[in-house]
1. Counting only residues that are surrounded by 11 or more Cβ atoms within 10 Å (Cβ to Cβ), in a loop (DSSP other than H, G, I, E, B) and hydroxyl-bearing (Ser, Thr, Tyr), how many does the range 34-79 have?
2. Only residues that are of a type in the set (A, V, I, L, M) and within 8 Å of the chain's Cα centre (by Cα): list them for the range 71-101, please.
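Rule-based calculations on the coordinates, nothing more; no lab input. None of the values given here were measured: they were computed from a predicted structure. Every residue, glycine among them, receives a Cβ derived from its backbone with ideal geometry; neighbour counts consider all protein chains shown.
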Amino acid sequence: MNRVLEDVINKNAANTERITAENTLGYVVSDNTSGNVAATSFDNTSAQGIVKHMNILLAGLVQSAVRDLDPSNSLCYLRVLTRKFEYLVAPEELFTITVIQ
């Protein structure tokens, strides 16, 4: 795992505890360079599925759409509401955070 990513995860441990204590099913932090799961509250299979579908496929497609509309703009936050869950995706340069409520 990326050293910078490890530092960010350790520095924000209190925020992670607060997020999981509230009305949240869980979270996934993935490394953007390799697409691997860096930290999660889910089992590995579920976390890999979330990373594949939400972080890589959907967030990548939306990021491309945003840049097609305005090349100087970038995606900051993606919120997807389904019948059962709400997915909150925050892509950063080195990692992507996904929270499921």
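1. Residues meeting the conditions: 2.
2. 88, 89, 90, 97, 99
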